[in-house]
């Protein structure tokens, strides 16, 4: 975490802007959740649905951010990037977990994050149906639920044999060496579960689960979550130990020891 | 559905008993959700956690049922069966989805169902964290959320190519022919998702998803859900078209046409 950045001198405005933005987005997404939706296929191969909710919610989030911070860059999943000379850049995913969204499952989330140059300095994940908010600014990571604020603290799990691990689906480990590495790690953990996108990172920050390994994430899938993860005490990086802010092959763990045990296995397969 | 059964002459008492039972269970389960738990390994191989929440909640559910219907049989997941001469038998799973429960994921549920001889005549699934209740008695299946009651109506999806399918994890299809059959079906559906136990059947009844295929379910995993599924308009059976009330290899679909398309594929693999 970068703490000497100017914007963190006013975390109140920062926090209020993120909360206002996600509230505006929820007014779009929540009424469309579990309703009939016009679903388009973003990719001709496979199934990557984009909904009206997704685009309209991003527009609302951008409006709130632009009002508070007109000179900042904005990178969203749905609309064109706004690129300025300012080192502050917002990264937005209005509906992370669109597959959960269209299945009626309340494990999707709205992601809003802030980078200073290439370092995550604030982030928010909200689940409008459950009303849960996970937010990080400065040194804090907090859980807001039913009007109560509690600190997010990751678990102290240090070994794969004790770890609960999540990934969206093993099918995403498309390369045989990736899949072999994943399978070896899955064979060592206490419990492996599939399918909850951003909600898994929120559960990691909450100390409920211990490890997440995913290939090929986009920037908007992970950048908004970095401050939440790191301020809870957990760690996140790419599989080759670089910063996660640009996306890519991502690993997040409750402790550095657990991260390293998993990275050693990934390293062994991916070196070849 | 069996509608000439005596107990359905008083669906009010039946519904109130189920709601009171799940409310009593929630008072045990919800405070332990996302808290530290003593987790035991039910099986020496694999990972089948039983929590204190699970046992205590079942005890509470049994107390409520025994007060209302002292002569009925009761089959629970955790405690000894109560077997009487009465044809009415309750089937209880206090925490279906214990893996979700211990991961902090709000997709587990409390299941309470009633069989007359071998026919499901009532059932309830509740998710205490979200406050959602799915309940069926007589001819009705309803969703209770934030004080509002709405009918549960399954989708009209008739073809695999349009279907959203759920299964807990493909890894449960342990036999190679089972796995091959599952994989062929997964290759044909619009979207396949993993990992939400009873919540998937609730989403099927809600018309959000279209198909669920799972091997080796216990009676308590499925019997309480049958009335909810059937009264929403959806269908459920074993893979060889027998009643699902005893558990086994289960398939549930939004329409008979969709069920048959999937069963034809299962049949082709499992006949050999």
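Is region B:129-214 rounded, prolate or oblate when judged by the Cα gyration tensor, a ≥ b ≥ c being the square roots of its eigenvalues, rounded requiring a/c under 1.5 and prolate requiring a/b larger than b/c? Prolate, since a/c reaches 1.5 and a/b exceeds b/c.
Dividing the helix sum by the residues of chain B, where each DSSP H run of 4 or more adds -39500 (n - 2.57), gives a mean residue ellipticity at 222 nm of -11500 deg cm²/dmol.
Pairs of Cα atoms nearer than 8 Å and 6+ residues apart set the relative contact order; for region B:160-270 it is 29 percent. Once you order the gyration tensor axes a ≥ b ≥ c over the Cα atoms, which shape class does region B:160-270 get: rounded for a/c under 1.5, otherwise prolate or oblate by comparing a/b with b/c? Note, shape of region B:160-270 comes out rounded.
Each residue, residue A:67 and residue B:243, gets one label point 7 Å from its Cα in the Cβ direction; the gap between the two is 6.0 nm.
Starting from the label point of residue B:159 at 7 Å along Cα→Cβ, the same points in the other copies fall at 5.3 nm, in ascending order.
As a proxy for reagent exposure, ranking A:206, B:125 by other Cβ atoms within 10 Å from fewest up yields A:206, B:125. Take every DSSP beta bridge whose two residues both sit in region A:160-270; close to 60 percent of them are antiparallel. Between region B:87-111 and region B:230-272, the C-alpha centres lie 22 angstrom from each other. Identify which of A:70, A:170, A:215 has the largest mean-square fluctuation in a Gaussian network model of chain A, with springs joining Cα atoms closer than 10 Å. Looking only at A:70, A:170, A:215, the biggest GNM fluctuation is shown by A:70.
Structure remark: mean-square fluctuation, Gaussian network model of chain B, C-alpha springs under 10 Å; the largest value among B:262, B:68, B:227 belongs to B:68. Taking the DSSP beta bridges with both ends in chain A, the antiparallel portion is around 80 percent.
At a Förster radius of 30 Å, what calculated FRET efficiency corresponds to the Cβ-Cβ distance of residue A:260 and residue B:35, to the nearest 0.05? Plugging the Cβ-Cβ distance into 1/(1 + (r/R0)^6) gives 0.55.
Between helix A:11-32 and chain A there is an angle of about 90 degrees, using the helix long axis and the longest principal axis of the Cα atoms. Can you give me the angle between helix A:219-231 and the longest principal axis of chain A, using Cα atoms only, in degrees from 0 to 90, rounded to the nearest 10? Helix A:219-231 sits roughly 80 degrees off the main axis of chain A.
Cβ-Cβ distance of residue B:161 and residue B:216, R₀ of 41 Å, FRET efficiency by 1/(1 + (r/R0)^6): the value works out to about 0.90. Classify the protein assembly as shown from the C-alpha gyration tensor, please: rounded if a/c falls under 1.5, else prolate or oblate depending on whether a/b exceeds b/c. Judged from the Cα gyration tensor, the protein assembly as shown comes out prolate (a/c at least 1.5, a/b above b/c). Between residue A:16 and residue B:174, the C-beta separation translates, for a Förster distance of 51 Å, into a calculated FRET efficiency of about 0.45. Label point of residue A:172 (7 Å along Cα→beta-carbon): distances to the other copies' equivalent points are 2.2 nm, sorted ascending. Comparing B:56, B:96, B:221 in a Gaussian network model of chain B, where Cα atoms under 10 Å apart are tied by springs, the biggest mean-square fluctuation is seen for B:56. Axis of helix A:256-271 versus longest Cα principal axis of chain A: the two differ by about 70°, to the nearest ten degrees.
Read the figures in this text as sums done on the coordinates, not as results from a lab. Since the structure is predicted, the reported quantities are computational estimates derived from the model, not experimental observations. When we count neighbours, we look across all protein chains shown, and the Cβ atoms used for this are built from the backbone with ideal geometry, even at glycine.
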